[in-house]
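Here's the structure we're looking at; comments come further down.
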Amino acid sequence: MSSVLEALATVLLPSLCAACGRGCAGESILCLRCARRLEDLSPLRGAGPAGIDRAWSAAPHEGVARDLVAALKFRALLPVAGLMAERILRDAPAHLLSGEVVPVPTARGRGIRRGFDPAGEVAAALAEGAGLPLRPCLARRGRGRQVGRRRAERLGRPPRIEAADPVPRGAVLVDDVLTTGATLSAAAWGLREAGALRVVAVTFARRL
């Protein structure tokens, strides 16, 4: 498509909201209504799962925030990862965003099927925006699938995550959503066993 046709399509076919599917102004990811609803969601902070010093999330996993997580994970709307990173950068305490950014690794088979890693996309955008090094140093071992499991099953059978490369002494673990904390905890212990001294977790959403 020529640049003229692309510009014409932008005018005639407005962007659709990643959350509700309604039309957006210009190239916005969210419509005005969903953007306002996202602003109404407050960050969550506190002690993290085992192995994590502190955990912080930009929003509870509900409403527009839940819709955005689904849009990234299941509809492959990759620009949503940038929006998540922007929200984290805007609201996260500065002392949490220090060290090196480490994405929580997805299961290998799921990453191949999707063609991308949601946590990796958010982590890359966050690292770039914060001016921090990106260190994708973790890998999942085995077939510890968490999606679709009940809470007790997730906690009882956490994934096995190990360091595949040298790890930073101070790590900012990044994922799109914190559910039970089992995966983040497994990632944190993988980092600590390889020599990390400080591990904080930053996610876009957190399930209450």
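The values are calculated or read from the model by the stated rules, or taken from the named source; none is laboratory data. What you are looking at is a predicted structure, and each value in this text was computed from that prediction instead of being measured. Every residue, glycine among them, receives a Cβ derived from its backbone with ideal geometry; neighbour counts consider all protein chains shown. To get the accessible areas, we keep the full protein, side chains included, count just its heavy atoms, and leave off ligands, DNA and RNA. Shrake-Rupley method; radii C 1.70, N 1.55, O 1.52, S 1.80 Å.
Only one of Gly46, Gly63, Gly51, Gly82 is on the phi > 0 side of the Ramachandran plot, modelled with pLDDT of 95 or more and open to solvent by less than 30 Å² (accessible area, probe 1.4 Å). Can you tell me which?
Details: Gly46 fails: modelled with pLDDT of 95 or more; Gly63 fails: open to solvent by less than 30 Å² (accessible area, probe 1.4 Å); Gly82 fails: on the phi > 0 side of the Ramachandran plot.
Testing whether each residue is on the phi > 0 side of the Ramachandran plot, modelled with pLDDT of 95 or more and open to solvent by less than 30 Å² (accessible area, probe 1.4 Å) leaves just Gly51.
If I ask for residues that are in contact with a Pro (Cβ under 9 Å, 6 or more places away or on another chain) and buried (at least 16 other Cβ atoms within 10 Å of the Cβ), which ones from the range 89-99 would you list?
Ala92, Gly99
So which of Val200, Val167 is at pLDDT 95 or above, touching a Cys at 6+ places or on another chain (Cβ under 6 Å) and closer than 21 Å to Trp56 by Cβ?
Values: Val200 fails: touching a Cys at 6+ places or on another chain (Cβ under 6 Å).
Val167 is the lone residue from the list that is at pLDDT 95 or above, touching a Cys at 6+ places or on another chain (Cβ under 6 Å) and closer than 21 Å to Trp56 by Cβ.
Just to check your reading of the model, which residue among Ala119, Ala70 is out of contact with any Leu (no Cβ under 8 Å at 6 or more places or on another chain), within 22 Å of Leu44 (Cα to Cα) and surrounded by 22 or more Cβ atoms within 10 Å (Cβ to Cβ)? Show your work before the answer.
Numbers: Ala70 fails: surrounded by 22 or more Cβ atoms within 10 Å (Cβ to Cβ).
When all the criteria are applied, what remains is Ala119.
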